[in-house]
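Have a look at the structure below, then the notes.
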């Protein structure tokens, strides 16, 4: 049975889901991947600091980390190392049942997309590993747009690929940056965090 807090209110033409933290629980895997990658730069990742910034794009995360630690990081190299480390941890990633149930319930009923601030390789592999990829007509990632969240770009592109006006889309998010991005795109937003806290 669907969590009533996650049920989209009619009318709507399409559903758009964030991936990490919304559809799937990747927090631990991503944190471990970043910690592994940053170790080569002698930077220790504080868990509380990281978890407060899980909605940021990789480059914004690294920029804030430089400010916090004074380290000078090679962004492409750190991103590549984190992505490589994530591949070894992808088997630990599982769907959030409450949110995945919404997508399952709307299979073949309305167009659906993923709009993620993550890298395409990681997002696609995560969706495949968790069995969720067949549910979605389109997947948009940070690699597909000029600006990541909290800019609306990923959500606007997702709506375009679904042939839906943004104002007719319902977006599912788990971070302040993601909520801001979807609202800036003109979408109705359902914040999944209350449901996920109850699930936990």
Cα gyration tensor of region 23-134, axes a ≥ b ≥ c as square roots of the eigenvalues: rounded (a/c below 1.5), prolate (a/b > b/c) or oblate? prolate
Could you check which residue among 53, 109, 79 shows the biggest mean-square fluctuation in a GNM of the chain with a 10 Å Cα cutoff? 109
Counting each DSSP H run of 4 or more residues in the chain as -39500 (n - 2.57), what helix-only mean residue ellipticity at 222 nm follows after dividing by all residues, to the nearest 500 deg cm²/dmol? -12500 deg cm²/dmol
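Take every DSSP beta bridge whose two residues both sit in the chain, then give the antiparallel share in percent to the nearest 5. Display every interim value, and only then the final one.
Working: 2 of 17 bridges.
So the antiparallel bridges in the chain amount to around 10 percent.
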Among 31, 68, 173, residue whose mean-square fluctuation peaks in a GNM of the chain (springs only between Cα atoms under 10 Å): 68
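Mind ranking 159-165, 133-139 by how tightly packed they are, going by the mean number of other C-beta atoms within 10 angstrom, highest first?
159-165, 133-139
Average projected area of the Cα convex hull of region 112-167, in nm²? Present the calculation step by step, with values, prior to reporting the outcome.
Values: hull surface 14.7 nm².
That works out to 3.7 nm².
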Classified through the alpha carbon gyration tensor (a ≥ b ≥ c as square roots of its eigenvalues; rounded if a/c is under 1.5, else prolate when a/b is larger than b/c, else oblate), region 27-90 comes out oblate
Does region 93-200 come out rounded, prolate or oblate by the C-alpha gyration tensor, with a ≥ b ≥ c the root eigenvalues, rounded set by a/c under 1.5 and, if not, prolate when a/b is larger than b/c and oblate if not? rounded
Take 195, 57, 116, 28 and order them by how many other Cβ atoms sit within 10 Å, fewest up front. 28, 57, 195, 116
Taking neighbour counts of Cβ atoms within 10 Å as a proxy for exposure, in what order, fewest first, do 174, 18, 143 appear? 143, 174, 18
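When 19, 169 are ordered from fewest to most other Cβ atoms inside 10 Å of their Cβ, what list results?
Going from least to most buried by this count: 19, 169.
Once the piece of chain linking residue 198 and residue 60 is laid out straight, how much longer is it, given 0.36 nm per residue of separation minus the C-alpha distance between them? Display every interim value, and only then the final one.
Details: separation 138, 0.36 × 138 = 49.68 nm, distance 2.98 nm.
So the extension gain works out to 46.7 nm.
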Give me the mean projected area, in nm² to one decimal, of the convex hull enclosing the Cα positions of the chain. 10.4
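Read the figures in this text as sums done on the coordinates, not as results from a lab. What you see is a predicted model; the values in this text were computed from it and never measured. In this analysis, Cβ positions are derived from the backbone assuming ideal geometry, glycine residues included, and neighbour counts consider all displayed protein chains.
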